[in-house]
Amino acid sequence: VVVVAAAIAAAAALHLAQSPTLALGLAACVVTLALGLVGLAAQLVPGYVARGYIRKSMGSDMRSPCTHYLGRRGSACWVAVDDASGELVGMVALEPPAHGPTSPDETGWCWREGDAELRRMTVARWCRGRGVARALFTELRRFAEQHSYRRVVLSTSSMQGVAHDRLYPGLGFELEGRKRVLGELNIGYFALRLG
């Protein structure tokens, strides 16, 4: 939208200017301003998207995680607690996919019958790199296998770079598709085959 507006403004400047030099100068200023606005939007929009996702989550499953994840067959959640402080340091949940692609999207990826979706994998910053995520995932995987799920699937954005690029591949997940959302922001679709 900004680039289109800049192009229109540049064309108007070329048309209205008295001299070609002034017209080219005005057009260059308009295009430079538009590119600056696009760059600013690329920095601000991911944060806006993240805040919207958090608001949505707090109004759905995170409003009452125990009720949501423990009240349905085939769903569960686990928490990690620091022995010394008693502080909650991590969580993960699993459920049959409630949303997401149910038929192949432009990446060719979709949820399948027999999938379980990994949700809400999080570990406190000060506790990362200590095996908490791996321990939580071990329990999740054991549960998924006991309930005869064929795959554990998840989607995560490139904003969660460490999880997207290292954690999930390190746990055995394979990137099966990638969907560009905005600028450099992508959603990665991962799957781990069980059994």
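The values are calculated or read from the model by the stated rules, or taken from the named source; none is laboratory data. Bear in mind the structure is a predicted one, so any value in this text is a computation, not a measurement. Using ideal geometry, Cβ is built from the backbone for each residue, glycine included, and neighbour counts are taken over all protein chains shown. Calculation scope for accessible area: heavy atoms of the full protein, side chains included, ligands and nucleic acids excluded. Shrake-Rupley method; radii C 1.70, N 1.55, O 1.52, S 1.80 Å.
Restricting attention to the stretch 165-195 and to residues that are acidic (D, E) and part of a strand (DSSP E or B), the residue that is surrounded by the fewest Cβ atoms within 10 Å (Cβ to Cβ) turns out to be E174. Residues in the stretch 129-161 that are open to solvent by 80 Å² or more (accessible area, probe 1.4 Å), touching a residue at least 24 places away in the same chain (Cβ under 8 Å) and more than 21 Å from R193 (Cα to Cα): how many? Counting residues in the stretch 129-161 that are open to solvent by 80 Å² or more (accessible area, probe 1.4 Å), touching a residue at least 24 places away in the same chain (Cβ under 8 Å) and more than 21 Å from R193 (Cα to Cα) gives 1. All conditions in (1) part of a strand (DSSP E or B); (2) at pLDDT below 90 hold for A116, with the sole exception of (2). In the stretch 107-128, of all residues being of a type in the set (F, W, Y) and free of Cβ contacts under 8 Å to residues at least 60 places away in the same chain, the one that is least open to solvent (accessible area, probe 1.4 Å) corresponds to W111. In the set A93, A80, A76, only one residue is touching a helix residue (DSSP H, G or I) at 6+ places or on another chain (Cβ under 8 Å), over 22 Å from R193 (Cα atoms), surrounded by 13 or more Cβ atoms within 10 Å (Cβ to Cβ) and at pLDDT 85 or above; that residue is A80. Within the stretch 182-195, residues that are touching a residue at least 12 places away in the same chain (Cβ under 8 Å) sit with their Cβ atoms under 6 Å from residues that are among the β-branched types (V, I, T), at 6+ positions apart or across chains, in these pairs: L182/V45; I187/V181; G188/T156; A191/V153; L192/V152. P169 passes every criterion in (1) more than 11 Å from the chain's Cα centre (by Cα); (2) within 18 Å of C110 (Cα to Cα); (3) not hydrophobic (A, V, I, L, M, F, W, C) apart from (2).
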